[in-house]
Every structure is written in structure tokens, then in C-alpha cells.
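Report on the following structure.
The values are calculated or read from the model by the stated rules, or taken from the named source; none is laboratory data. None of these values were measured; they are calculated from a predicted model. In this analysis, Cβ positions are derived from the backbone assuming ideal geometry, glycine residues included, and neighbour counts consider all displayed protein chains.
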Amino acid sequence: MQTQSVGKRYGRGPWVLEDVTVHVPAGEIVAFHGRNGSGKSTLLRLLAGLSRPSRGTVTGRPAVVGYVPDRFRPPERLTALGYLTHLGRIRGLTTPDARRRARVLIDRLAVAGGPHAELRTLSKGNAQKVALSQALLVQPELLVLDEPWSGLDTSAHGVLAEVMAEVAAAGGSVVFTGHGESARTAVAGRAHLVAGGRLHPYGHESPREQRQVTELVLQRPGAPSELPASGDSSRVPPPPPWSRSPGVLTVTDHGADLVLAVVCAEADAVLLAALRDGWSALSVTRRTAPATTAPAPGPPSPPATTAAPERRTDRPAGASRAPAPPSRREGGRR
Amino acid sequence: MTALIRYSFATLLHSQRYLAPVLLFAGLIGILTVNGSGSLPPAYAASAGALFVSQTWLTSALAGLDDPTQRAVVVLSAGRGARVLAATVGTALLAAGALAVVGLLFPLWIGSYQVGAADLLLGAEAQLTCALAGTAIGLLCSRLVFRRQGYALATALALVLGLLFVQGLPPVNRLFHLMSETSDAAALLAPAAGMAAVSAVLLAASACLTHHLAARRD
């Protein structure tokens with residue numbers, strides 16, 4: 001599938017996309033990154049066939065397209081199972097087949113509340129799981145995912161990555177958007193940056209940002225703050241599931257503590273999963289990955305103020321992603 | 001298509017948006033036809049008028065039920081937007097069929113009219129004409145075309161009043177004019193069928209225009 005010099009504007013408004021030529025081969029996963037309002041969603045709508053280009057052409061779009069919108073607003077009163085059964089029938093399945101397929105997907109994605117939960121009662125993450133399920137009722141030849149990671153818990157991240165890999169392995173194309181590391185750590189074979197309505201090769205956006213990692217020091221549930229001197233490390237349980245979620249770079253086990261190096265964009269999600277699991281956070285530190293050299297420090301200044309501008313300049317678009325200011329080690333154990 | 005119509009009905013019933021237009025219909029035929037007597041065509045003209053107004057409202061509500069993103073999901077599931085629009089029209093007409101049966105039988109039950117086969121057939125033609133015309137206006141004055149509900153409502157009101165009251169304007173006003181003047185239903189069957197055909201053309205034109213305008217917005 002291919003777009004040729006595609007441009008899009010709504011009415012006589014400004015051009016949202018200009019001269020976008022992109023190749024989406026069968027069996028490939030293609031990522032589009034960019035800031036909010038950069039035109040990513042519009043590009044996905046063009047690829048999905050929901051919107052017609054004002055200029056240029058889109059060719060080779062397969063017949064079966066699965067689409068996961070950015071904001072999913074299903075009919076509120078239907079149950080998850082009822083909704084998916086309806087959409088399965090619309091896709092041409094028989095009622096029993098649609099129902100069976102819907103149950104499989106609800107189980108696999110672990111939609112909270114199960115098949116009989118009314119859609120209006122679902123949280124954003126669970127609604128997102130239903131949105132993903134409807135796109136997979138019939139094996140899609142083109143799977144279009146707009147911000148699929150938003151709202152999903154870390155355990156669902158793994159399933160999402162699996163699903164994308166499966167669609168690609170079956171010869172389908174997958175296109176998705178994201179604006180951070182979460183998308184980079186996924187299985188994308190190609191990545192593009194959408195900025196100013198044009199397409200750029202991804203990877204040159206902010207090398208500084210990519211070197212940053214967040215170090216989480218976590219304490220096991222129930223463990224005393226000081227580890228008993230007796231070396232009963234044989235009783236230490238296996239690493240928890242969230243320590244294997246995408247974005248976790250290294251895991252170091254110190255007995256009662258676990259030290260994780262996580263890409264910045266994923267740190268919040270991993271931390272949240274750990275806290276839910278009963279773990280305690282001992283420290284959260286943003287630092288530069290050791291493999292690369294740290295950026296040259298600015299003019300000499302007191303230590304307390306060198307840290308502050310470091311953080312501010314960090315991620316202008318995603319400041320909320322930084323869970324804690326740097327140098328929190330002194331917080332110590334609770 | 002069956003699956004799409006089932007989905008439309010399910011969302012319509014769950015949303016309860018059908019209730020207000022159905023109550024309006026019930027109220028109008030109650031007021032307009034209760035305790036009537038004499039020849040049936042004028043009473044059927046009144047009940048068809050009630051259907052026309054309610055059907056406009058019902059279709060507009062039905063077409064606007066899905067959020068635009070949900071509509072996008074349904075369109076991609078169905079393969080084509082035109083198919084989804086056709087299902088909306090189909091659902092609206094099926095609902096109108098149920099109302100039309102009430103519109104035909106209620107006057108017989110509540111009043112004391114002279115009933116003949118030709119009267120019933122003419123009544124059915126009148127209901128059909130009004131169902132098609134109401135669907136045509138409702139579709140055009142829905143969320144698919146108008147972003148703002150106020151403009152949609154004002155346009156729908158203007159169109160409905162125009163079709164009802166502009167003297168001699170086919171299909172609705174012309175049909176009602178004929179029906180109110182005569183008691184010989186058999187003589188009106190052919191002209192009424194003509195008005196139903198005009199309504200069908202109106203609906204086809206409205207569906208094409210709605211599809212075009214909705215697609216241009218995307």
C-alpha cells in the first residue's frame with residue numbers, strides 16, 4: 001500500500017498534510033510519531049480510507065481494514081460482548097462465530113468486568129481494549145491504530161505488541177501513531193516523524209531525549225526496610241510480570257530491592273504497575289543512559305541549580321511524563 | 001445489511017431516542033383523529049401528517065446516534081459508507097412501517113368511519129408517501145450533515161412546514177389537499193401512488209446529497 005504526494009486540508013483551511021509519500025508494505029509494522037496536532041491522525045484516516053486526500057492518491061489499500069480510533073466512543077448501553085457481536089456480524093460473521101470470536105478477544109485482552117460489562121461503565125483503558133478487539137474480529141489486512149498505547153496498562157502493552165506482530169506475520173500491514181518511547185520500543189519495522197504536515201525520517205528528533213532513562217528502585221511487598229542479615233536469597237520470588245514490560249531496559253535484583261532502568265516514557269506505567277502490585281518506590285531518578293556521553297554541562301553554577309534547567313529542557317511536550325524531579329536519592333527509605 | 005440494521009435498531013432502542021418522536025406521533029394521531037366519523041380519507045391524511053413530522057424527527061435522531069469515531073468504526077467494518085447510510089434509511093423505514101400500521105388502525109378503532117378496501121389502500125399509500133418524505137428530510141437534517149443541532153432543527157422545521165403547508169406542493173401538501181376534498185378513495189389511488197413515487201425520488205436525492213456532504217466533511 002502506498003500514498004503518492006498526498007495532501008489534506010479541510011475545506012479552505014490550512015494544509016494539515018502536504019506532499020506525503022509513504023510506502024506501507026504487506027507484513028510490515030510502520031510507526032508515525034509526532035507531536036499533538038502534527039497530522040498523524042489525519043494521515044491514519046487517509047490510510048484507513050476514512051478520509052479522502054485533497055491531493056495525491058492512496059493506492060493498494062486492502063479490503064479488510066481494522067481501525068482503532070484515538071477516542072473511542074461506542075454506544076454506551078451495549079455490553080462489550082453485545083457490541084462486538086454486532087460488529088462481527090457487520091463484518092460478515094455468523095452470530096455464533098461473532099460471539100465466539102468476541103469472547104476470545106475479551107479474554108485475551110482481559111477486559112475488566114468481562115463480556116457482560118456495559119460499555120459506559122468501562123474505564124478508558126478497558127474501552128481501548130474493546131476498541132482493539134473490534135478491529136481484530138476478522139483478521140485485518142491493514143490494521144490502523146491511533147495512539148493505541150494510551151490508557152492501556154503495562155500488561156496489555158505486551159498483548160498489543162503481540163497482536164501487531166501477529167497481523168504482520170500473517171501478511172497484513174500495521175500502521176500506528178505514538179509520540180514517545182513507548183512506540184519506539186514496539187515492534188515497528190519502520191518509523192516516520194510527522195511534523196509541520198510533512199513526513200521526515202524518524203530518529204533525528206531529539207537524540208538527547210532518547211538517551212534519558214528513569215531508574216526506579218522498588219522494594220518488595222512485605223519486605224522489611226532493612227534486609228535480614230541471614231542470606232535466605234533462595235526465598236526471593238521470581239521477577240514480577242511488569243518488570244518484563246516493554247520499556248524496561250535492565251533489571252537488577254538486590255534482594256529486597258529491585259532496580260529497574262526504564263525508558264522515560266514508560267516509567268510511569270511501570271511504576272504504577274509496581275505500586276498496584278504492593279511494591280514501594282524507594283527512589284525515582286532521571287538520568288542519562290550510561291552508554292552515551294552526557295551532554296556538556298552549562299556554565300558553572302551551584303549544584304542545586306544545575307539540576308533544574310536540566311529537567312526543564314528535558315521534554316517540553318511531555319513534562320508530565322517525568323514522574324519526579326531528579327536527585328531524589330536523598331529521600332531515602334520510608 | 002441485516003447486521004447493520006440490527007445494530008442500528010439496538011443502538012436506537014438502547015439510547016431511548018425513539019421515545020420523543022413516537023410520543024409525538026401518538027399525541028398527534030390522538031388529537032387529529034379521535035371521535036371522527038364519515039369518510040376515511042381525511043382522517044388518514046391527518047394520521048399520515050402525524051407520521052411525516054415524527055418520522056423526520058426519528059430519522060434525524062437515528063442518523064445522529066453514533067459518535068463520528070464510532071461511525072468510522074462501523075463504516076470500516078461494513079466496508080463502505082454508503083452501506084451504512086442505506087442501513088440507516090432501512091432502519092428508519094422499518095420503524096416507520098410499525099408507526100404506519102398504528103396510523104392505519106387507530107382511526108378505525110377510535111372513530112366510526114365508513115371503511116372500504118380502497119380507503120385502506122389509499123391510507124397505506126399516504127403513510128408510505130409521508131414515511132419516505134419524512135425520512136428524506138430527517139436524513140438531510142441530521143448530525144451527518146449539520147455540525148450544530150440548532151441549525152439542523154431550524155432547517156428541518158422549515159422543510160417540514162414547507163412540505164405541509166405550501167399550497168399544491170407535491171408530494172405531501174398536494175396529497176393531503178386531494179384526500180381532504182374527496183370521499184371517493186378509489187379515484188385517488190393513482191395520484192397517491194404518484195405522490196409516493198415523488199417521495200421515493202426525494203428520499204433517493206436526499207440520501208445521495210447526505211452521502212456527498214458527509215464525505216466532503218471527512
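Points to keep in mind about this one:
- Candidate set from segment A:83-98 (those that are surrounded by fewer than 22 Cβ atoms within 10 Å (Cβ to Cβ) and facing chain B (nearest Cβ under 7 Å)); member that is farthest from A:GLY114 (Cα to Cα): A:ARG91
- Residue within segment A:32-49 that is buried (at least 22 other Cβ atoms within 10 Å of the Cβ), more than 10 Å from chain B (Cβ to nearest Cβ) and at positive phi present: yes
- Checking B:LEU105 against (1) free of Cβ contacts under 8 Å to residues at least 60 places away in the same chain; (2) away from every other protein chain (no Cβ under 14 Å); (3) touching a Ser or Thr at 6+ places or on another chain (Cβ under 7 Å), the condition it does not meet: (3)
- Only listed residue being closer than 27 Å to A:ALA265 by Cα and in the same structural domain as A:ARG9 (by TED's automatic domain parsing), chosen from A:VAL104, A:VAL130: A:VAL130
- Of all the listed residues (A:GLY113, A:GLY125, A:GLY66), the sole one being assigned by TED's automatic domain parsing to the domain that holds A:GLY158 and over 26 Å from A:ALA269 (Cα atoms) is A:GLY66.
- Single residue of segment B:1-56 satisfying the filter (part of a loop (DSSP other than H, G, I, E, B) and more than 14 Å from chain A (Cβ to nearest Cβ)) that is nearest to A:LEU81 (Cα to Cα): B:VAL34
- Subset of segment A:50-82 [facing chain B (nearest Cβ under 9 Å) and hydroxyl-bearing (Ser, Thr, Tyr)]: A:SER51, A:TYR67
- Scope segment A:69-125; condition free of Cβ contacts under 8 Å to residues at least 24 places away in the same chain, in a loop (DSSP other than H, G, I, E, B) and under 21 Å from B:ALA78 (Cβ atoms); matching residues: A:ARG71, A:ARG73, A:THR94
- Scanning segment A:133-167 for residues that are under 23 Å from A:LEU271 (Cα atoms) and not aliphatic (A, V, I, L, M) gives A:GLU147, A:PRO148, A:TRP149, A:SER150, A:GLY151, A:ASP153, A:THR154, A:SER155, A:HIS157, A:GLY158, A:GLU162.
- Selection count where residues are surrounded by 15 or more Cβ atoms within 10 Å (Cβ to Cβ), over 14 Å from B:SER60 (Cβ atoms) and of a type outside the set (A, V, I, L, M, F, W, C), scope segment B:9-29: 2
- Residues of segment B:57-74 classified as assigned to a helix (DSSP H, G or I) and more than 7 Å from chain A (Cβ to nearest Cβ), total: 9
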